[in-house]
Each structure stands twice: as structure tokens, then as C-alpha cells.
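Below: the structure, in C-alpha cells.
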Amino acid sequence: MGRNASGIVVDTLMAWGVDTVFGMAGDGINGVVEAMRAREGRVRFVSVRHEESAAFMAAAHAKWTGRLGCCLATTGPGGLHLLTGLYDAKMDGAPVVALTGLPYHDIAETFTQQDVPLDRVFADVAVYNARITGAAQAEAVTALACRSALAGRGVSHLSIAVDVQEQEEGADKPSPRGSAQTASANRTDGLRLPEPEAVAEAAALLNGAQRVAILAGRGALGARAELEQAAQLLGAPVAKALLGKAVLPDDHPFTTGGIGLYGTFGTHAAMAGCDALLIVGSTFPYVEYYPKPGQARCVQVDRDPQRIGLRVAADVGLVGDARATLEMLNARLRRKEDRSFLEKAQGEARRWTEALRAAEESLRTPMHPAVPVAALGRRLPPDAVLATDSGHHTGLVARHVPLRPGHDFAVSGLLASMASGLPYAIAAGLAFPDRPVFAVVGDGGLAMQLGEFATAVQHRLDLKLLVIRNGVLGQIKWEQMLFLGNPEYACEVPPIDFARAAEAMGGRGYTIDDPARADAVLDEALATEGPVIIQALVDPNEPLLPAVVSKTYKEHLSKALEAGTPGRAEIERALEREPSRSMMKG
């Protein structure tokens with residue numbers, strides 16, 4: 001018996017290296033699901049509790065492995081639920097193929113049940129977007145979707161009607177021209193290099209500068225040695241955008257840590273004092289944390305020419321692979337003997353570390369949120385994989401979890417979506433079954449997709465999930481106060497006992513409510529086999545501040561507190577403790 005259209009689609013995906021598909025069965029996509037059942041053992045179908053998680057997992061799979069991610073959903077609402085995770089893939093450049101169902105071809109667009117034209121809905125999120133019209137077309141279109149996602153580092157979307165999914169190969173007679181068309185599964189890519197003249201210009205600019213700073217992002221992950229050499233030659237401190245946290249170990253002498261709301265004293269000094277900035281593989285979006293306009297000249301390295309000059313005007317843009325481009329650039333750089341700018345940034349980085357220690361070692365109750373996060377960070381094994389969600393806890397991870405060689409880290413970057421941390425961790429556990437996986441999430445984000453923990457239990461993943469339970473949408477609370485000067489409003493998160501929820505789903509649950517017990521509880525939890533939730537009950541009034549709080553932010557905060565922000569007295573006391581006191585002083 002020949003293949004049907006669904007079988008052709010799945011076979012083509014497999015030929016392009018897809019070995020895992022995340023999704024949820026449904027009557028609008030069951031033809032494709034059956035094709036995967038028939039190929040069980042060669043392709044794995046991971047059934048999720050919500051389609052949004054499937055898309056997050058596909059995006060995370062692509063980020064973790066560098067290969068195609070794949071997800072599917074049924075007609076109408078199932079397909080619509082994919083969109084948030086697919087925008088995460090789009091905005092962070094992760095190659096993903098999404099499959100969705102459509103109603104029967106002859107009643108589509110007639111207001112039938114779940115009659116949503118998903119191909120039109122997905123037009124913005126996708127670099128390639130097509131309806132499969134028949135079995136004869138399925139291979140060519142699916143191959144092009146895979147090629148487009150990889151080449152464009154984005155989302156390809158294929159929609160296929162219920163009856164077309166079942167159409168047999170021989171029942172769809174190809175056209176004269178279509179019968180001659182063939183498709184291949186050969187991925188081709190090339191090493192992109194900048195023009196030598198541009199490299200020479202960039203080197204002259206950097207050699208002529210006195211105080212060079214480097215900003216590195218996820219695009220530099222494959223160029224660690226070359227980035228380190230550039231920093232050594234230039235005597236340049238290296239700030240890391242969040243997606244580039246693993247570019248250099250956090251204890252590396254040249255790195256100053258994060259930037260922006262999750263920044264450090266060292267990074268602030270580097271950006272405020274540099275006269276030249278080298279950006280490698282980053283489009284960190286918060287322009288107020290870059291050098292001031294007119295302060296520093298800029299060289300930017302990026303494989304995508306569209307990104308050159310996106311955040312700050314680039315005096316020289318080097319379009320190419322980060323590793324190869326830095327090799328070319330380093331060959332032309334002269335070592336700077338004056339290391340005073342680097343040493344100043346390093347001194348500020350050490351001052352930052354000392355300021356953080358007061359929070360990490362605090363025995364005060366209610367517990368400082370840095371206590372459990374730092375305690376987990378000290379326990380990460382050499383091959384750990386770490387994911388985080390988006391919120392107050394993201395800053396805690398950025399500042400209090402030191403990444404070392406061998407660690408991998410991922411987060412929803414430009415989209416910065418809540419509810420992504422647990423799906424990211426599950427994707428890591430499935431992609432790397434021999435590595436321990438950790439995630440740090442907030443109670444708000446975990447509440448959105450708590451049911452997905454059952455998926456981790458189902459697959460017996462070695463997953464340890466630390467949830468910061470403060471009963472508030474912490475980052476939103478501080479954005480209301482700092483950004484706008486408004487009192488906190490509508491940020492409460494109802495209490496959920498996540499430890500008991502973990503037990504109810506077949507996992508294990510632990511609670512940290514005393515900083516003096518944090519180490520002991522974590523040791524017991526991390527020694528437990530299988531999926532574990534560790535909930536840490538922490539102070540909801542501990543501030544989330546940039547390393548150096550601006551005059552405007554101070555004025556907004558004062559206004560918000562005076563306007564009646566809940567917990568005003570507790571917040572004011574927290575602002576007098578380290579590290580907040582040093583951050584408020586600047």
C-alpha cells in the first residue's frame with residue numbers, strides 16, 4: 001500500500017533530521033498523527049497538555065540542539081494556541097516547522113466548525129507559509145518548509161486539510177510539470193565572511209580607541225575562544241546579553257556579567273566609560289543601557305545584515321559568522337598595553353559580587369529570593385542544562401547563578417514570554433536524556449502551564465524545577481513603580497502549593513521556607529530521582545532594580561510608594577539593605 005499525504009509529510013520531515021514532534025492530537029490533524037504512529041521508533045511524538053507548550057518546546061529544541069524543531073496542532077483553536085511559542089522562535093531565530101490542520105477542503109471558508117484560515121493567520125510569524133493541496137505536492141512543499149526554516153532561521157508553517165491528509169499518493173494525479181519535479185533533503189549552508197576592507201576598517205577603529213567594551217550575545221556562543229582573544233587583545237571588558245549568558249563563564253576575568261535591568265556595576269562602568277563598542281551576535285533591545293549617543297564608536301558583528309545598526313549606529317558593520325569574523329578581526333588587532341579601563345571594570349565587577357553576597361547569605365525571614373537561587377547555582381553539576389522563565393526570577397538567575405564551561409542556558413529572549421520555562425526544560429530533558437536539567441521559574445508563569453509538569457513525569461525526566469513563590473508578578477510590579485511611577489496594582493498571584501501539585505501529578509515536591517534550611521532541602525531534592533518541584537517561599541517586597549538606579553527611576557519609585565503601593569514600609573526597609581542600597585546610590 002502506498003503512502004498518503006500525511007505519510008509523505010512525515011517521511012520528508014524525518015529526511016530533514018526531525019526526530020521529535022511536539023503537539024496534541026485532534027480530529028483536524030489525526031491523519032498526520034497516525035502517520036507518526038505508523039513510524040513509531042523512527043520519529044517520536046511528544047503529547048503535551050497545551051499546544052502553546054508544544055510550540056515552546058519546538059523552539060527550545062531548536063535552540064538546544066541547533067536542529068529543526070517541529071510541532072503540530074489541530075484546526076482552529078489548536079493552531080491558534082501555537083502562535084505564542086512560534087513568535088518566540090521567530091524573534092530568537094530558531095528554525096521550527098509547524099503543522100496545522102484545516103477543515104475538509106470542500107467546506108473550508110464556509111463558517112464550518114473550527115473554520116480558521118490558519119495559513120492567513122500565520123502569515124506574519126512564518127518565513128514560509130503554505131497549504132498542502134494534495135499528496136503530489138506534499139514532498140516538495142514540506143522540503144521547502146524545512147529548507148526555509150533553516151535558511152531563514154525562523155518558522156515555516158504548513159496547513160493541510162483533513163481529507164487531504166488521507167489522500168493516497170496515486171489518487172492525486174500530478175500535472176505534466178509537477179510530475180517532473182523532484183525534491184531533496186540536502187541541507188546546504190555556507191560560511192559567511194565580511195569584506196576584508198570592512199575588517200581592516202573595524203580593526204583600525206578599535207586599535208585607535210583607548211577604552212573598548214564588548215557586548216556579546218547568543219550569536220557569539222560558537223566563538224568563545226575568538227571572543228576571549230579579542231577581549232585580551234583589546235583589554236576590553238565583556239558584557240553579556242541574557243541570551244549570551246553562557247558565552248563566557250560567569251567567573252571569567254574579562255566578563256562583567258549581564259546588562260540592562262539584570263546588569264551589574266562592572267557592565268555599567270564599561271558602557272558608561274567606553275569610547276568604542278564591539279557588539280558580537282547581539283541585538284539586546286534596551287537602548288538606554290548602551291553608551292550614550294555620540295559617546296562611543298561602534299563595530300558590530302552579525303550574520304544578518306538587517307541587524308547591523310539596529311540598536312546603535314554602527315560605524316563599521318561586519319556581516320558574517322561570528323567565529324570566522326573574529327578570527328579575521330583578531331589577526332589585525334594590536335594588543336593594548338594600557339589595561340586601566342579593563343581593571344576599573346573588573347574592580348566594579350568585584351564590588352558587585354560582594355554586594356550580592358549579602359543577599360545570597362541572608363538568614364532573614366521572609367527569605368530573600370537570592371538565597372534559594374544562589375544555593376541552586378552552587379549545586380549545578382558540570383553538564384547541567386538550565387532554563388528560566390520570564391519575570392523577576394530571570395534577573396535572579398542572571399545575577400545569582402554562575403554558569404561555567406559545560407553548562408547550557410536558554411530563555412525566551414526578545415519575546416520574553418511567561419510560561420516558557422517549564423516547556424524549555426522539558427525539551428532539554430528529551431533532547432539530552434543523559435544530562436541533568438534545571439529550571440527556575442516564577443509562581444505566575446508556572447501557574448499558567450502547571451499541567452505540563454505531568455508531561456515531565458510521563459517521560460521520567462531528570463528535571464529539578466525551582467519555583468520562586470512570592471505571590472506577586474514581581475517584574476510587572478517593579479515596572480509599574482520604576483517605569484511609570486504608579487503604585488503596584490493587579491499583580492497578586494493566588495497562593496498555590498506547587499509541592500503538593502507535583503505530588504498529585506506523580507512527581508516529588510519540596511518546600512523551602514527558611515533560609516537556614518535551603519541547603520539541606522536542596523540537597524535532598526536534587527538527590528531525588530525524576531521530576532521534582534522545589535517551591536521557595538520568599539519575600540514579595542524584595543526590589544528588582546538595575547545595577548545603577550537612574551534619577552528618573554528614583555523619582556518614579558518615590559512617587560509610587562507615596563501613592564499607596566502595598567507593603568511600602570517593607571519595601572523602604574528592603575531598599576536600605578544590600579545590594580539594593582548600593583544600587584540606589586549608583
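The values are calculated or read from the model by the stated rules, or taken from the named source; none is laboratory data. Just so you know, these numbers come straight off a predicted model, no measurement behind them. Here Cβ is always computed from backbone atoms with ideal geometry, including for glycine, and neighbour counts include all displayed protein chains. For the accessible areas, the whole protein counts, side chains as well, though only heavy atoms, and no ligand, DNA or RNA atoms are used. Shrake-Rupley method; radii C 1.70, N 1.55, O 1.52, S 1.80 Å.
Tabulated data
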item	result
Those lysines that a straight Cα-Cα span of less than 23 Å connects to Lys585, excepting residues fewer than 8 apart in one chain	Lys292, Lys344, Lys477, Lys551, Lys554, Lys559
Helix 135-152 vs. the chain, principal-axis angle (Cα, 0 to 90°, nearest 10)	10 degrees
Net charge contributed by nearby residues that have their C-beta within less than 15 Å of Asp338 (K/R +1, D/E -1)	+3
Gyration tensor (alpha-carbon) shape descriptor, the range 1-148, a/c threshold 1.5	rounded
Gap separating the Cα centres of the range 478-532 and the range 189-251, nearest whole Å	37 Å
Cα-only Debye scattering, the range 262-338: base-10 log of I(q)/I(0) at q = 0.19, 0.24 Å⁻¹	-0.88, -1.23
Principal semi-axes in Å for the range 256-412 [√(5λ), Cα gyration tensor, largest first]	31, 19, 16
Straight-distance crosslink candidates among lysines, where the alpha carbon sits under 25 Å from Lys90 and sequence neighbours closer than 8 are dropped	Lys63, Lys240, Lys245
Antiparallel DSSP beta bridges within the chain, percent to nearest 5	5 percent
Surface accessible to a 1.4 Å probe, Lys559 within the full protein complex, Å²	120 Å²
Net lengthening on full extension, Glu503/Ala225 (0.36 nm per residue, minus Cα-Cα)	95.6 nm
Average projected area [Cα convex hull, the chain], square nanometres	27.8 nm²
Per residue solvent-accessible surface (Å²) - the chain, probe of 1.4 Å	40 Å²
Relative contact order of the chain, pairs being alpha-carbon contacts under 8 Å that are 6 or more residues apart, as %	12 percent
Added length on full extension, which subtracts the Cα-Cα distance from 0.36 nm per residue, Asp519 to Asp124	137.5 nm
Acute angle (nearest 10 degrees) that the helix 51-65 long axis makes with the longest principal axis of the chain, alpha-carbon atoms	70 degrees
Distance-filtered residues of the range 252-271 - backbone nitrogen under 19 Å, label point 7 angstrom along Arg404 Cα→Cβ	252-257
Structure-based [θ]222 nm, the chain - -39500 (n - 2.57) summed over DSSP H runs of at least 4, per residue, nearest 500	-11500 deg cm²/dmol
Euclidean distance between Cα centres, the range 110-155 to the range 373-415, Å	35 Å
Percent carbon-and-sulfur accessible area, the chain, ignoring ligands, DNA and RNA, probe 1.4 Å	51 percent
Size of charge dipole - the chain - debye, nearest 20, with Cβ of Lys, Arg +1 and Asp, Glu -1, no other charges	1500 debye
Length added when fully stretched, Asp315-Ala38, from 0.36 nm per residue minus Cα-Cα	94.1 nm
